[in-house]
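The values are calculated or read from the model by the stated rules, or taken from the named source; none is laboratory data. Remember, predicted model here, so these are calculated numbers, not experimental data. Please note: Cβ atoms are built from the backbone with ideal geometry, for glycine as well, and neighbour counts cover all protein chains shown.
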């Protein structure tokens, strides 16, 4: 009967995991042990391998499993790209926002310095009108050339008939509204492949940096694995704003900074 007698039906991923233990490590588990492991993983989630490792390698496996950008942000720290980063008077300056109506709104300010991307400022607040964020942007000690907004900035309000982008334009700000991508992974992969060129001001961007490091996949309790979908939590807004920045840079420069093969693959798989 296998694990079914214990009320557990193994998924394809779980079968593959147990097979690898047997083939690579000669660890042969009984059906009862497999059932216990699966049930335990439902409560432990992404901490399962840390709390109940099957091998020595798992015992030392990074606790960053399930976090989209942990590897890239760790590399940024090792390479001292999270540092004191004053604005340049000569570089083009942009902002990218994840807007929230009755929710958090997050804004990154960045400069393109050759092939480098300098994240020089970050702001986040909750349940504020568009005028609040426009005021923050207009009072920065530098001129922002263009403001990148997500696709929902074109959604019209029932009362006024205006959209979020209209308020920015009426305030004299230059706006570029991104088209909606059907696949969330396009933006995630854009950011993954752009983070190696990003430098962060450690003081002004501290909250945003924490958000990007904490952005994670959603855990599927029923299947005992991660969904290929992000978890919506406090880290979502800051990270998505940075994703929009990466998308804009990639699309406007036609993938500059990535290999032609990688850019073609991203467009083929996700657009």
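Determine whether residue 119 is modelled with pLDDT of 95 or more and within 27 Å of residue 231 (Cβ to Cβ). Break it down stepwise before answering.
On the way: modelled with pLDDT of 95 or more: yes; within 27 Å of residue 231 (Cβ to Cβ): yes.
Against the criterion (modelled with pLDDT of 95 or more and within 27 Å of residue 231 (Cβ to Cβ)), residue 119 qualifies.
For the stretch 148-176, name all the residues that are in a loop (DSSP other than H, G, I, E, B) and more than 12 Å from residue 134 (Cβ to Cβ).
Result: 150, 155, 157, 158, 159, 160, 161, 162, 174.
Output yes when any residue across the stretch 136-144 is surrounded by 13 or more Cβ atoms within 10 Å (Cβ to Cβ), within 30 Å of residue 231 (Cβ to Cβ) and at pLDDT 90 or above, and no when none is.
We begin by selecting, within the stretch 136-144, every residue surrounded by 13 or more Cβ atoms within 10 Å (Cβ to Cβ); these are 136-137, 140, 142, 144.
The next check asks that each one be within 30 Å of residue 231 (Cβ to Cβ); those that pass are 136-137.
Restricting the remaining residues to those that are at pLDDT 90 or above gives 136-137.
Checked the stretch 136-144: at least one residue is surrounded by 13 or more Cβ atoms within 10 Å (Cβ to Cβ), within 30 Å of residue 231 (Cβ to Cβ) and at pLDDT 90 or above.
Could you give me the residue pairs with C-beta distances under 6 Å whose first residue belongs to the stretch 183-200 and is more than 11 Å from residue 246 (Cβ to Cβ), whose second residue is at pLDDT 95 or above wherever it lies, and which are 6+ apart or on separate chains?
Pairs that qualify, where the first residue is more than 11 Å from residue 246 (Cβ to Cβ) and the partner is at pLDDT 95 or above, are 199/81; 199/85; 199/118; 200/82; 200/119; 200/209.
For the stretch 129-147, what are the residues that are in contact (Cβ under 8 Å) with a residue 12 or more places away in the chain and either touching a helix residue (DSSP H, G or I) at 6+ places or on another chain (Cβ under 8 Å) or assigned to a loop (DSSP other than H, G, I, E, B) (or both)? Walk me through how you get there before you give the answer.
Here is the first cut: in the stretch 129-147, the ones in contact (Cβ under 8 Å) with a residue 12 or more places away in the chain are 130-131, 133-134, 136-138, 140-147.
130, 131, 134, 140, 141, 142, 143, 144, 145, 147 - these are the residues of the stretch 129-147 that are in contact (Cβ under 8 Å) with a residue 12 or more places away in the chain and either touching a helix residue (DSSP H, G or I) at 6+ places or on another chain (Cβ under 8 Å) or assigned to a loop (DSSP other than H, G, I, E, B) (or both).
Being at pLDDT 90 or above, buried (at least 19 other Cβ atoms within 10 Å of the Cβ) and not in a strand (DSSP E or B), is that true of even one residue in the stretch 89-97?
no
State whether one or more residues within the stretch 153-166 are free of Cβ contacts under 8 Å to residues at least 60 places away in the same chain and within 19 Å of the chain's Cα centre (by Cα). Before you say what the answer is, go through the steps one by one.
Initial filter on the stretch 153-166 (free of Cβ contacts under 8 Å to residues at least 60 places away in the same chain): 153-163, 165-166.
Restricting the remaining residues to those that are within 19 Å of the chain's Cα centre (by Cα) gives none.
For the stretch 153-166, residues free of Cβ contacts under 8 Å to residues at least 60 places away in the same chain and within 19 Å of the chain's Cα centre (by Cα): absent.
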